1. Sequence-distant or interchain residues sharing an amide H contact under 5 Å with Gly204, placed H: which?
2. Can you list the HN-Hα couplings for region 255-263, worked out from phi with the Karplus curve (6.51, -1.76, 1.60; θ = phi - 60°), rounded to whole Hz and with x for Gly and Pro?
3. Out of the trypsin sites (Lys or Arg not before Pro) in region 148-230, which ones are loop residues according to DSSP with at most 16 other C-beta atoms within 10 Å?
4. Which of the peptides 73-86, 39-52 is most tightly packed, and how do the rest follow, going by the mean number of other Cβ atoms within 10 Å of each residue?
5. How much of the DSSP beta bridge set in the chain is antiparallel, as a percent to the nearest 5?
6. Listed highest first by mean packing, meaning other Cβ atoms within 10 Å per residue, what order do 294-301, 101-108 come in?
7. Taking the Cα centre of the chain as origin, sum charge times position over the Cβ atoms of Lys and Arg (+1) and Asp and Glu (-1), and report the length of that vector in debye to the nearest 20.
8. In whole Hz, what ³J(HN,Hα) sequence does region 295-301 give by Karplus (6.51, -1.76, 1.60; θ = phi - 60°), x for Gly and Pro?
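FYI, it's all coordinate maths here, none of it is from the lab. Values in this document were obtained by computation on a predicted structure and should not be read as measured data. Positions of Cβ are generated from backbone atoms using ideal geometry, with glycine treated the same way; all protein chains shown enter the neighbour counts.
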Amino acid sequence: MIRYPMVAALLLLFTPAIAVAADPARPPLILPADNDPIDTLAAMIAAAYRTGDDATINAVVGVAKATFPNEVAVIDRLAAGDAAVLAATRKDAQERERIRIQQARFFEIWKGELEAGASRSTGTTRSLGIYASAKLARDGLDWRQKFSARLDVQQTDNVTTTERLIAAWQPNYKFDERLYAYGLTQYEHDRTLGYNSRFTLGAGVGYTVLATSNAKLEVEGGPAFRHTDYTDEPTHNTVAARASLTGKIALSPTVSISQDAALFFEAKDTTISATSALETTLIGALKAKFSYNIQYEQNAPEGAHALDTVTRATLVYGF
């Protein structure tokens, strides 16, 4: 027979965690007035399931079984009933979300982030640098739209040493939760790397290798057509092979690391762009970002470096 003081001790141990995770809109847990231990266990397990948090549910049910091994069958029966209610609640929520996404207009349900940074120095050398970027994504039922843009300008003693602009739009058609086909339209401007403009059209297949609550990894590959207007050479039209990798891992609720890399391989040229970043939450949707970018252009103009690297500290606002 279960002793009520032991059940009360178990409740005292887990009630704070349950209260934190619970929906504040739900009524608070009210313990039974009598001393029936089964009713008390039922209230405790029901409270865990009302949080909707799997970790809390597993912890409460697991400790209940470990503490009262003779009542495992009763605990399983109670948990099964609450699990059925939770499953129905989640299914209803998923259906409401599906309808909301289905009925959303094109300019709705976008998510993204804005990033900005600047530097200035005076004295023997006067310099001014501005960096800004935007990333937007719209995740529909069958289609995912991604848009990105980045501007990087640097002047030293009134001479422009960096003038880089890149904008890209990528629609993805989802075959399932992991496999998708993509299209790519991209514009680049970078006189320091030897071209006034470069337009890229591409298509291919992408696959989500890893997708968990705190980590995601995607790889893509396919052909691309590139039209490049060089600063000191004739315009070139080439066919290239494209490969990309995008990954992000949450080290904690406030700290994450990410990697974005893309490679274009042509018969006489290879282009690589890769950015590694560390982000940490400051307050609310505002984050600090520390990144290291590598830009490689095999056919860089004479006098320019084929490999450029930039280390930045910027502010990021997510929405």
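1. Tyr182
2. With coefficients 6.51, -1.76 and 1.60, one gets 10, 9, 10, 9, 9, 10, 9, 9, 10 Hz.
3. Passing sites in region 148-230 are Arg178.
4. Per-residue Cβ counts within 10 Å, averaged per peptide and sorted highest first, yield 39-52, 73-86.
5. 100 percent
6. Top to bottom by mean Cβ count within 10 Å: 294-301, 101-108.
7. Values: 32 positive and 36 negative charges, 81 e Å.
Here the size comes out at about 380 debye.
8. Values, residue by residue: 10, 10, 10, 4, 9, 5, x Hz.
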